[in-house]
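Q: Below is the structure I would like to discuss, written out as structure tokens.
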Amino acid sequence: MTDTTWTDTTCADMTCTDVIWIAIGHIDDIPRRGARCVTTPKGRIAVFRTADDAVFALEDRCPHKGGPLSVGIVHGHFVTCPLHNWNIGLDSGLAQGADEGQARAMPVRNEGGALFLALDAPPQPAVAAE
Amino acid sequence: MTQKLVIIGNGMAPGRMLEELLEKAPGLYDVTIFNAEPRVNYDRIMLSPVLSGEKDYADIIIHDEGWYAYHGITLHKGARVTRIDRAAKTVTAANGVTAAYDKLVIATGSAPVILPVPGADLPGVVAYRDLDDVLRMLEIAKQGGRAVVIGGGLLGLEAAYGLRRRGMAVSVVHLMPTIMERQLDPAAAYLLEKALTERDISILTQANTKAILGQGKAEGVALADGRVLPADLVVMAVGIRPSARLAKEAGLTVNRGVVVDDGMRTSDPAIFALGECAEHRGQCYGLVAPLYESAKVLADRLSGGQGEYQGSVTSTKLKVTGVNLFSAGDFADGPGREEVVLRDAAAGVYKRLVLNENRIIGAVMYGDVADGPWYFDMLKRGLDVSHLRDTLIFGQAVQGALAGGCGVQAPGAAVAALADDAEICGCNGISKGRIVAAITAKGLTTLAEVRAHTKASASCGSCTGLVEQVMALTLGEAYRPAAVEAVCGCTDLGHDDVRRLIRAKGLKSIPEVMQELEWKTSCGCAKCRPALNYYLVCEYPDDYADDYQSRFVNERLHANIQKDGTYSVVPRMWGGVTSAHELRAIADVVDKFAIPMVKVTGGQRIDLLGIVKEDLPAVWADLGKAGFVSGQAYAKGLRTVKTCVGSQWCRFGTQDSTGLGIRLEKFMWGSWTPAKVKLAVSGCPRNCAESTCKDIGIICVESGYEIHFAGAAGLEIKGTEILGTVKTEDEALEHVVALTQMYREQARYLERIYKWAKRIGTETIRAQIMDDAEKRQGYFERFVFSQAFAQVDPWSERVSGKDKHEFKPMAVIAEAAE
Ligand code: SRM
Ligand SMILES: Cc1cc2nc3c(=O)[nH]c(=O)nc-3n(C[C@H](O)[C@H](O)[C@H](O)COP(=O)(O)OP(=O)(O)OC[C@H]3O[C@@H](n4cnc5c(N)ncnc54)[C@H](O)[C@@H]3O)c2cc1C
Ligand code: SF4
Ligand code: FES
């Protein structure tokens, strides 16, 4: 797969939408158990790489008070927000435990290390890219 | 009038006796104790884990100073009693202290047997009995080298294991054909020997020591067959002899030990004997369980009761991590005796029961010892086991399964099946019923509480699992298994255990720690990872690769994150002193990057707030050109050193407080610590730098430097304690640095100095830093060593390109993709 943007179609609830996948870089640009940001006109997106090399993308805003999740500590498939230690699930963006809230999650695809982000996909739980 | 009770010896037996006595009859006696050892009562059994590094001395103290003070007991430490005057009813110690008694307890324990061979008195030949022996061994073990342990019994093997763990090459020399022959039959001894050999301990049996060789210090051991084993350390662990000389000289009846009756009374009705020095019904004991039983009887007698000691049957375990061994009773072959044996070669399991007239009289188990307490219980009661005979050897679970007709056993079923009076804790003689009763009556929910109220598992700890099962059974859902507060949900271990195990097992990376210590999550969490990273940085300053992904954002980005996701930047201003040049550079940076706020901090320096992440390296580059380094205002590390103007300007100043503050900051910056460390130096007791609420503070006085520590002025407010006063600036620096290193090595992550000091005792700290020059020097040198790797300005590193990815987005998507 080349490092370019392409389009494909996903179907949810019987309605199909075109999804635009945008190339954002290579998995090795992100440290294991870390994250990098992608700046977009719609705000900053944090792209996480876990210890087992799964990749997730969340809006870089904690559902609590907007803390930058991209600089939190990544453990398992969770990130701990640097401001007040909420734990956020990377797959869903959902706050864990007693806390309530959800960061917007978006799909990432990993094609042999090349990463693609779908900005406008329906707000479904992100898929863990292998 | 209260009677006077004097006790000679402050070991485990009288310690237990006093606990029982204080509970039964508080205030009945005015108690005075003489102890030849210069310390409080500690758990002698646990010297082996101290030797191997699995515990610290502080962990094994049974009664701390406060306990004696609280109970109004006079303890003469380092005072060996040399004379008992029975006519005058007094005892006198070598240091001249005399005390009168109404009742006297002799509890002098045992002395190690030293083989009368040439060279036995050379330095480097050590017995294994008390903490001083352990410290002597550790001193030699520091240099690595070879150790020869003479004696393959319980003590010798534990010493060998400990020394091996400390990095020495170890050989055990044993006279008999098999090791631990008094507790093990040859089959079990073989398995044990194999396990120890696998742990790199070489075992020589039928080896008779002829001499210890060496010029001025031990250099080798010569055996009767002509072999010579080189050695830097020789440990003699060939046996113990009851310390009964004092009693003998006083004219009491003495055999092997001081002879006592069933009331623990010697031939003088006012004098009792207790512990390893006593001989009861022709028997001297060398394990704590029987001593504790007789301690109870003596407490009863001293409080007016008529308790009688009937003698004890003992069982043995070996405290070598990973070796499971149990032995009890008499297991020699003999006429009329039968034996039942079970072996599983693949699993390394061996069990043997010796029966006489359908009663268990001996048990030896290796590998799988879960049923040890069950067999031991039946042995002590002399139960007829004929109905169990066919399946006895398979253990209790099988009995339960057969009886219940169900193949699968619920965990804990074996313990559930135990009778109420079955013994759970052998050391302290605590039955299942007593534990259950204490839990229900007192509403206990944690292991620590059960230990405190019943003593179960509080000595050697090998029955901890059983006690936990009893708790689980009694409490059901309400049972909270964590004995210590765990570091976090990823492990059941507490901070101290984790640190100790990192050291003892030589663990060198976070994944290794998690694997070896059986972390319950794949890669930890935001609580444990920073702690582990610190412990490893501190332990291996030279070759640990700092794991940045396990650091909190501030320490990864070297700036403080703010509520809006921007950062603040605080450059060092050594000792709070600045210059026109520095201020101009700061002003230029503020203009160039349009920094929204400049503030003087509470720590005598300047904070630049509201900088976006992407700008950080450029801001640092400009500050760096002006000579600034990071102020580490974000670090669990050295923060600020506040100073006042001192003797250079102030009319009251006694010393150069500003100069010393700068010197300290330049010496100590960059160091990582368990929590932040703030210092201050004031030029006189007016204390304008607020030294008395700092982690470490100095107040200069005419005669020198008063060093303070353990203050706080944040979430809690606490004035400092005085560490001591020193004469010169060099000494002040050395003491402050040594104290910091002691704190670095011992405190739990996020525990500030005042909390750590409260936990371990300010006295302990004072003793090590003020009174023990060698310790202080050691700490100082280790700090200096680690600074060689830590004193790198993180800002200039990043300006030169390190961690570039932290400051740049991975991609920029210009327009909304529609
Ligand atoms: C900037 C400053 C306030 C100021 O404008 O003066 C400050 C700012 C913060 N303090 Fe402080 N403290 C500052 C001096 C103090 C002082 C006064 C002092 O050092 O003399 C104290 C009380 C003394 C003490 O530490 O005992 C102090 C007690 C705390 C505490 C309570 C610590 C405690 O263990 O009780 C916290 C919370 C913590 O560390 O967990 C804290 C935490 C913080 C944090 C780091 C909050 C955070 O986690 O984000 C603030 C960072 C803001 C920033 O980005 O700079 N700050 N803080 C001061 C920086 C000093 C410096 O030059 O490095
Ligand atoms: C390394 C090691 C491991 C052990 N492991 C185990 C184990 O796993 N299980 C087990 O059950 N047992 C074990 N033991 C044995 C157990 O520690 C002893 O049985 C127990 O400590 C004896 O207690 P005691 O009070 O009789 O004597 P001690 O604890 O020996 O105390 C006697 C004290 O009296 C002092 N003293 C002696 N003479 C005088 C005097 N004239 N004046 C003043 N003070 C004096 C001594 O300095 C000493 O401090 C172990 C022992 C050692 C050394
Ligand atoms: S006191 Fe310290 S932690 Fe609290 S708001 Fe002020 S700077 Fe922040
Ligand atoms: S903003 Fe994330 S926890 Fe408060």
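Q: Mind ranking B:741-749, A:106-114 by how tightly packed they are, going by the mean number of other C-beta atoms within 10 angstrom, highest first?
A: B:741-749, A:106-114
Q: Apply 1/(1 + (r/R0)^6) to the Cβ-Cβ distance of B:Ala270 and B:Thr464, taking R0 = 60 Å, and write down the FRET efficiency to the nearest 0.05.
A: 0.90
Q: If you restrict to DSSP beta bridges whose two residues both lie in the protein assembly as shown, what percentage is antiparallel, to the nearest 5?
A: If we restrict to bridges inside the protein assembly as shown, about 70 percent are antiparallel.
Q: I've got another one for you. Whole-Hz ³J(HN,Hα) for each residue in the range B:185-190, computed from phi via Karplus 6.51 cos²θ - 1.76 cosθ + 1.60 with θ = phi - 60°, x for glycine and proline: what do you get?
A: Calculated HN-Hα couplings, in order: 7, x, 5, 5, 4, 4 Hz.
Q: From the phi angles alone, apply the Karplus equation (6.51, -1.76, 1.60; θ = phi - 60°) to the range B:642-655 and give each ³J(HN,Hα) in whole Hz, x where the residue is Gly or Pro.
A: Working through the residues one at a time gives 7, 9, 10, 6, x, 5, 5, 10, 6, 5, 9, x, 9, 9 Hz.
Q: Run the numbers for B:Lys508 and B:Arg256: contour at 0.36 nm per residue of separation, minus the present Cα-Cα distance, in nm.
A: 85.7 nm
Q: Sticking with this one: Per residue of A:22-34, what is the mean number of Cβ atoms on other protein chains within 10 angstrom of that residue's Cβ?
A: 3
Q: Related question: Other chains' Cβ within 10 Å of B:523-531 residues: what's the mean?
A: Other-chain Cβ atoms within 10 Å of each residue's Cβ, averaged: 5.
Q: Let me ask something additional. Collect residues whose amide H, placed 1.01 Å from N in the peptide plane, falls under 5 Å from the amide H of A:Leu94; neighbours closer than 5 in sequence don't count.
A: Correct list: A:Gly89, A:Ala103.
Q: Put +1 on the Cβ of every Lys and Arg and -1 on every Asp and Glu Cβ in the protein assembly as shown; which of B:Val354, A:Ile27, B:Thr445 then has its Cα farthest towards the positive end of the dipole?
A: Value: B:Thr445.
Q: Mind listing the phi-derived Karplus ³J(HN,Hα) values for the range B:790-806, rounded to whole Hz, using 6.51, -1.76 and 1.60 with θ = phi - 60°, and x for any glycine or proline?
A: Ordered by residue, 3J(HN,Hα) equals 8, 7, 10, 5, x, 5, 5, 4, 6, 4, 7, x, 5, 6, 3, 4, 5 Hz.
Q: Suppose every K and R has +1 on its Cβ and every D and E has -1 on its Cβ; what is the size of the dipole of the range B:638-815 about the Cα centre, in Debye to the nearest 20?
A: 480
Q: For the range B:509-540 and the range B:102-153, what is the centre-to-centre distance using only Cα atoms, to the nearest Å?
A: Going from one Cα centre to the other spans 37 Å.
Q: Just to verify a number: FRET efficiency for B:Glu139 and A:His26, C-beta to C-beta distance, R0 = 45 Å, to 0.05?
A: Given R0 = 45 Å and the Cβ-Cβ separation, E is 0.25.
Q: Right, something else. Under unit Cβ charges (Lys, Arg +1; Asp, Glu -1), what dipole magnitude, rounded to 20 debye, does the protein assembly as shown have relative to its Cα centre?
A: In total the dipole reaches around 2060 debye.
Q: Same structure, new question: What residue among B:Met168, B:Pro186, B:Tyr128 has its Cα farthest toward the positive end of the dipole of the range B:114-238, where the charges are +1 on Lys, Arg and -1 on Asp, Glu, each on the Cβ?
A: Farthest towards the positive pole: B:Met168.
Q: Next question, about the same structure. Where Lys and Arg each count +1 and Asp and Glu each count -1, what net charge lies around B:Arg776 among other residues with Cβ under 12 Å from its Cβ?
A: -3
Q: For the protein assembly as shown, what does -39500 (n - 2.57) per DSSP helix run (n ≥ 4), summed and divided by total residues, give at 222 nm, in deg cm²/dmol to the nearest 500?
A: Calculated mean residue ellipticity at 222 nm is -8500 deg cm²/dmol.
Q: Could you tell me which of B:Gly304, A:Pro41, B:Trp669 has its Cα farthest along the dipole of the protein assembly as shown towards the positive end, charges placed at Cβ (Lys, Arg +1; Asp, Glu -1), taken about the Cα centre?
A: In the protein assembly as shown, that residue is B:Gly304.
Q: Express as a percent, rounded to the nearest 5, the fraction of DSSP beta bridges in chain B (both residues included) that run antiparallel.
A: The answer is about 60 percent antiparallel.
Q: On C-alpha positions alone, give me the angle between the axis of helix B:657-668 and the longest principal axis of chain B, in degrees, nearest 10.
A: Roughly 70 degrees, rounded to the nearest 10.
Q: To continue, here is another question. Please give the residues of the range B:235-273, grouped as numeric ranges, whose backbone N is less than 20 Å from a label point set 7 Å along the Cα-to-Cβ vector of B:Ala224.
A: Residues B:235-240 qualify, since their backbone N sits under 20 Å from the label point.
Q: Can you give the percent of C-alpha pairs in the range B:554-625 whose distance is more than 16 Å?
A: Above the 16 Å cut-off, the range B:554-625 has 44 percent of its Cα pairs.
Q: Once the Cα atoms of helix B:580-592 and of chain B are each reduced to a long axis, what angle between those two axes, in degrees from 0 to 90 to the nearest 10, is obtained?
A: Orientation of helix B:580-592: about 80 degrees from the principal axis.
Q: Any chance you could give the angle, 0 to 90 degrees and rounded to 10, that helix B:131-141 forms with the longest Cα principal axis of chain B?
A: Around 60 degrees separate the two axes.
Q: To continue, here is another question. Sorting B:Phe780, B:Phe272, B:Phe394 on the 10 Å Cβ count, fewest up front, what's the list?
A: B:Phe394, B:Phe780, B:Phe272
Q: Given just the C-alpha atoms of the range B:114-238, how large is their convex hull per residue in cubic angstrom?
A: Considering the Cα atoms of the range B:114-238, their hull volume per residue is 92 Å³.
Q: Pop the C-beta distance of B:Lys758 and B:Lys442 into the FRET formula with R0 = 25 Å and round what comes out to the nearest 0.05.
A: 0.45
Q: How well do other chains shield peptide A:64-73, expressed as the mean number of their Cβ atoms within 10 Å of each residue Cβ?
A: 5
Q: Now, a different point. With +1 on each Lys and Arg Cβ and -1 on each Asp and Glu Cβ, how big is the dipole of the range B:114-238 about its Cα centre, in debye rounded to the nearest 20?
A: 200
Q: Stokes-Einstein diffusion coefficient for the protein assembly as shown at 37 °C in a medium of 0.692 mPa s, Rh from the Kirkwood formula over Cα pairs: what value in µm²/s?
A: So the translational diffusion coefficient is about 101 µm²/s.
Q: For B:Asp542 and B:Ala111 in the same chain, what is the full-extension length gain: residue separation times 0.36 nm, less their Cα-Cα distance, in nm?
A: That works out to 150.8 nm of additional length.
Q: Note the full-extension length gain between B:Thr728 and B:Leu383 as 0.36 nm times their separation in residues minus their Cα-Cα distance, in nm to one decimal.
A: So the chain would gain 116.9 nm between B:Thr728 and B:Leu383.
Q: Using only alpha-carbon positions, what ratio does the radius of gyration of chain B give when scaled by 2.2 N^0.38 Å?
A: Scaled against compact globular proteins, the figure is 1.11.
Quick note: the coordinates plus some simple rules give every number you see, no bench work behind them. Just so we're clear, the structure is a prediction, and the values are computed from it rather than from any experiment. Using ideal geometry, Cβ is built from the backbone for each residue, glycine included, and neighbour counts are taken over all protein chains shown.
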